[in-house]
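Single-structure report; data block below.
The values are calculated or read from the model by the stated rules, or taken from the named source; none is laboratory data. On a predicted model such as this, the values are computed, not experimentally measured, just so you know. Neighbour counts are summed over all protein chains in view; Cβ atoms, including those assigned to glycine, are modelled from backbone coordinates with ideal geometry. Keep in mind that these areas ignore ligands, DNA and RNA; they rest on the heavy atoms of the full protein, side chains included. Shrake-Rupley method; radii C 1.70, N 1.55, O 1.52, S 1.80 Å.
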Amino acid sequence: NAGVTQTPKFRVLKTGQSMTLLCAQDMNHEYMYWYRQDPGMGLRLIHYSVGEGTTAKGEVPDGYNVSRLKKQNFLLGLESAAPSQTSVYFCASRETTDYGYTFGSGTRLTVV
Amino acid sequence: AQSVAQPEDQVNVAEGNPLTVKCTYSVSGNPYLFWYVQYPNRGLQFLLKYITGDNLVKGSYGFEAEFNKSQTSFHLKKPSALVSDSALYFCAVRDHASDSWGKLQFGAGTQVVVTP
C-alpha cells in the first residue's frame, strides 16, 4: 500500500548511544517532515525538507540531524541520545499542490 | 508566528450525544486549518480541512467543522457520537501568508472519551 513507512517501530537506547530513524514514502512527495509527540504538547516540528538534498530546522532541532539524499527517504539521526529525547516520532510527507500531510505510524523511542 | 490552542485536555460525552472539540488559532495571514485523529498506537489520520470557501466543512466519519474568522475558531463537531470516536484529536494551522513550506502548527490535542 502506498504511504509513509517508518522504521523501526520501537527502540530503547542507552544515554549517549546514537541511532537513525528512517522514513520512506512512495508517493513522490517533495515535502517531508519529522515531528515528535509528547504528552500535553502535541506535535512539535524537528526538521523538514522541501526536496532532495535540502533540509531546514523546525521548532525543536537541537540534538537531531537529518538527511534527504534520496527523494523518497528522510532520515532522522540522534548522535548522542538523551533521556529528554524519549518520545514518539512521526514522519509526514506532503505533495507540493496539497495542503495536508500523510503520516507514518510512528517510532516509539525510549532513552534510558 | 502561528499558534493553535485546544482548551480542553479531555471531552467526555455519552454515545448518541453531540460531540464538540474546540480549537482556536492565531496567524498573521489567512489560515489553512486541519483536524487529525489519532487512535491508540497509531499515526495521525486526516479528518478534514478548511482552505477557502464555505465556512462549514464536512469530513470523514461524519465529522464537520466550522471556520469562524471573527472568533478565530475552528471547532470540530459530530451530531451523534459513537464509542468508536474515542481517540485523540489534533487541530493544526498553517499560515499561508508567512509560510511557503507547508509547516503545520499543532495544538496539544484533546482526548475524546465516548461512553456507552
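If you go through the range A:38-65 and keep only what is in a strand (DSSP E or B) and open to solvent by 30 Å² or more (accessible area, probe 1.4 Å), you end up with A:R44, A:V50, A:T54, A:T55, A:A56, A:K57, A:N65.
For every residue, the table says whether it meets (1) within 14 Å of chain B (Cβ to nearest Cβ); (2) modelled with pLDDT of 95 or more; (3) under 25 Å from B:R42 (Cβ atoms).
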{"position": "A:T15", "(1), (2), (3)": "no, yes, no"}
{"position": "A:Y33", "(1), (2), (3)": "yes, yes, yes"}
{"position": "A:I46", "(1), (2), (3)": "yes, yes, yes"}
{"position": "A:V50", "(1), (2), (3)": "yes, no, no"}
{"position": "A:T54", "(1), (2), (3)": "yes, no, no"}
{"position": "A:Q85", "(1), (2), (3)": "no, yes, yes"}
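Looking only at the range B:79-116, residues that are part of a loop (DSSP other than H, G, I, E, B) and facing chain A (nearest Cβ under 8 Å) come to 7 in all.
Every residue, every condition in (1) closer than 26 Å to A:Y31 by Cβ; (2) surrounded by 14 or more Cβ atoms within 10 Å (Cβ to Cβ); (3) within 13 Å of the chain's Cα centre (by Cα), yes or no:
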{"site": "B:V4", "(1), (2), (3)": "yes, yes, yes"}
{"site": "B:N12", "(1), (2), (3)": "no, no, no"}
{"site": "B:V27", "(1), (2), (3)": "yes, yes, no"}
{"site": "B:N30", "(1), (2), (3)": "yes, no, no"}
{"site": "B:P40", "(1), (2), (3)": "no, no, no"}
{"site": "B:K77", "(1), (2), (3)": "no, yes, yes"}
{"site": "B:S86", "(1), (2), (3)": "no, yes, no"}
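Among residues of the range B:72-86 that are of a type in the set (F, W, Y), those with a Cβ under 6 angstrom from a residue that is part of a loop (DSSP other than H, G, I, E, B), sequence gap 6+ or separate chain, pair up as B:F74/B:C23. The residue pairs whose first member lies in the range B:90-116 and is free of Cβ contacts under 8 Å to residues at least 12 places away in the same chain, whose second member is in a loop (DSSP other than H, G, I, E, B) and open to solvent by 50 Å² or more (accessible area, probe 1.4 Å), and whose beta carbons are closer than 8 Å, counting only pairs six or more residues apart or on different chains, are B:G102/A:Y99. In the range B:42-69, of all residues being within 10 Å of chain A (Cβ to nearest Cβ) and closer than 18 Å to B:S86 by Cβ, the one that is most open to solvent (accessible area, probe 1.4 Å) corresponds to B:R42. Of the residues making up the range A:87-101, those that are facing another protein chain (nearest Cβ under 8 Å) and either open to solvent by 50 Å² or more (accessible area, probe 1.4 Å) or over 18 Å from A:N28 (Cα atoms) (or both) are A:F90, A:Y99.
Cβ-Cβ distances below 9 Å connect the following pairs, each with a first residue in the range A:76-101 that is farther than 15 Å from B:A92 by Cα and in a helix (DSSP H, G or I), a second residue that is open to solvent by less than 30 Å² (accessible area, probe 1.4 Å) and not polar (S, T, N, Q), and a separation of six or more residues or different chains: A:P83/A:V111; A:S84/A:V111; A:Q85/A:L13; A:Q85/A:R36; A:Q85/A:Y64; A:Q85/A:L78; A:Q85/A:L109; A:Q85/A:V111.
Would you point out the residue of the range A:26-37, among those that are of a type outside the set (A, V, I, L, M, F, W, C) and open to solvent by 10 Å² or more (accessible area, probe 1.4 Å), that is nearest to B:A5 (Cα to Cα)? Among them, the one singled out is A:Q37.
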